1. Just how large is the dipole of the chain about the Cα centre, in debye to the nearest 20, putting +1 at every Lys and Arg Cβ and -1 at every Asp and Glu Cβ?
2. Which whole number in µm²/s is D for the range 133-189 by Stokes-Einstein, with the Kirkwood Rh taken over Cα pairs at 4 °C and 1.567 mPa s?
3. What does the C-alpha gyration tensor say about the overall shape of the range 184-245? Classify as rounded when a/c is under 1.5, otherwise prolate if a/b is larger than b/c, or oblate.
4. Show me the chymotrypsin sites (Phe, Trp or Tyr not before Pro) within the range 190-271 that DSSP assigns to loop and that have at most 11 other Cβ atoms within 10 Å of their Cβ.
5. To the nearest Å, what is the center-to-center distance of the range 130-156 and the range 261-297, using C-alpha atoms only?
6. Note down the Stokes-Einstein diffusion coefficient of the range 37-266 in µm²/s, whole number, using a Kirkwood radius over alpha carbon pairs, 4 °C, and 1.567 mPa s.
7. What is the Cα centroid distance between the range 171-233 and the range 74-92, reported in whole angstrom?
8. Quick one: of Lys147/Lys208; Lys174/Lys269; Lys99/Lys131, which pairs are farther than 25 Å apart, Cα to Cα?
Amino acid sequence: MKLDDFKLERYFARYEFNVRHTLCASDCESFSIHELLSKKELSKFLALRLNYTESQGNPELRKEVSKLYTQVKPENIIVCTPQEGIFIAMNTLLSSGDKIIVQSPCYQSLFEIAKGIGCEVVLWNPSENDKGWRWDIGSLKEQVDSKTKLIVVNSPHNPTGYLFSKQEYQEIMKIAQQKGCYVFSDEMYRLLEYDIKDRLPSGSDVYKKCISLSGMSKTFGMPGLRMGWLSVRDKELFNRIMSFKDYTTICNGALNEQVTIAALRKKDKIIKRNLKIIKDNLKLLDAFFSKYQDKFSWTRPKAGSITFVEIKSNTNSYDFCENVVKKAGVMLLPSTEYSYGDRHFRIGFGRKNMPQALAAFEEYLKRF
């Protein structure tokens, strides 16, 4: 399999840990072990033996994960790293010549792995107007045919923060069901809806041939755990994914699984804290983009911790972001790293230090 360089990850590797301010982080504010765990939990972990773990994932952890769903049971959960989840699902499900349709722009591995396998990749691109981002369901319906093996969706969406309506989401699942194809639903930002009434069900709860991806990195603010999971109700596909996983990580870290169990048992408190940070930062972004509406066009998201901003001037987004990071020490993420034109950049607003990063960005705009 030949894979092109992962442009977003290579860009982060250059700057993420070498700048004063990261204003494009996709995750929420992280936790220290001290903040997350009680003395009793810490004492338990000190006695933990670092043995091999079950390849499907700790049964206790899978039970906690299943509580995030309605139709998914612990036996439907495969614990893995988030990137691994994409890799093993795509390699198990797809063959050279298969057609897949991918909501775009997107995290590169959602199409790159299929491309490396030899699939026909069709991008489902959005429209952007005065009403904001929109992916036309009619357009998707026209593109899905008898050759289509998989539809890939991501809602809440990276990088725009777009959230499908419940009617749109049901229609996507209906289209897949009518054609008999699978759906891969990237749900890494699920549970970060600003209004709980907008929350979508998990795709794997709605459609048996939907594989849902989620994890601890974004919503829970714990990317350092490297813990995620797939929910797979199709038993035959489930067994094939488990067999393929024997060639990747085999099993998960014992300590990481135990910390994840403790975190999921405190999920309501964690999500409440992260949503407060997000909503406080959104107020600052409202004021910022109102002030600079001559420079930028912005659609306020409905969920998640990231947003995609359009540059109004005839300025290449890569050059713009390079200037900002070099002259102001503020990292933004250009749309070129999503292979989506050269007029947008990503902002992240899930961290406590976003106000300081935004202030440094504004100082750059005033000076340059």
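1. On the way: 56 positive and 44 negative charges, 203 e Å.
Using Cβ point charges on Lys, Arg, Asp and Glu, the chain gives about 980 debye.
2. Numbers: Rh = 11.8 Å.
For these conditions, the coefficient is 110 µm²/s.
3. On the way: a/c = 4.31, a/b = 1.33, b/c = 3.24.
Verdict is oblate for the range 184-245.
4. On the way: sites: Tyr194, Tyr207, Phe220, Trp229, Phe238, Phe244, Tyr247; in loops: Tyr194, Tyr207, Phe220, Tyr247.
Of the chymotrypsin sites (Phe, Trp or Tyr not before Pro), the ones in loops of the range 190-271 whose Cβ has at most 11 other Cβ atoms within 10 Å are Tyr247.
5. Between the Cα centres of the range 130-156 and the range 261-297 lies a distance of 27 Å.
6. Working: Rh = 18.2 Å.
Answer from the Stokes-Einstein relation: 71 µm²/s.
7. The distance from the Cα centre of the range 171-233 to that of the range 74-92 comes to 12 Å.
8. Details: Lys147/Lys208 20 Å; Lys174/Lys269 35 Å; Lys99/Lys131 31 Å.
Pairs exceeding the cut-off: Lys174/Lys269; Lys99/Lys131.
We did not get these values from a lab; they are worked out from the coordinates using the rules stated. Everything quoted here is computed from the prediction, not taken from an experiment. Backbone-built Cβ (ideal geometry, glycine too); neighbour counts: all protein chains shown.
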